[in-house]
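The block underneath contains the structure these notes are about, expressed in structure tokens.
Coordinate-derived values only; no laboratory data. No experiment lies behind these values; they were computed from the predicted model shown. Note: ideal-geometry Cβ built from the backbone for every residue, glycine included; neighbour counts use all protein chains shown.
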């Protein structure tokens, strides 16, 4: 009887993790899409090369960091995937959200002040959970750092 209770508790927590994780992920993606649409006019380039014909008025470094935690279901799915190998799709969405959020935060820092963000770089690292001592593959969260150079072009003087 105790074993059935433990199995039921495990399955209940797994289901709760799945539902809560999906709800939170869906809500975060909605926020990302809304903010991406609002900031679409501010271009971001991974290249250091940009419109060299225009005179630059100001340039400054911008950076942001985001940490996104792994939900219980994703951690469980990763454990199963480790047994068989292959792509871990549940972690792909985690990394996608973290990357997009980091870029959005950089754009939000520059909105209304910069004309373009150039030389954008994304750095990713995993943050191990409490189980890390027992399992070297355990990931508790992922951190993405976005950095680049914000550029504001000189505005032409108003005609006299």
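Before moving on, here are some points about what is shown:
- Extending 7 Å from Cα along the Cβ direction at residue 11 and again at residue 92 yields two label points whose distance is 2.9 nm.
- Under the simplified labelling scheme, the residue 41-residue 57 pair shows an inter-label distance of 1.5 nm, with each label point 7 Å from Cα along Cα→Cβ.
- Rounded if a/c under 1.5, otherwise prolate or oblate - region 2-153, Cα gyration tensor axes: prolate
- Pair-distance distribution of region 22-75: all C-alpha pairs, bin width 5 Å, starting at 0; shares per bin in whole percent are 4, 10, 14, 21, 15, 12, 10, 7, 4, 2, 0.
- Virtual spin-label span in nm between residue 154 and residue 34, 7 Å along Cα→Cβ: 4.1
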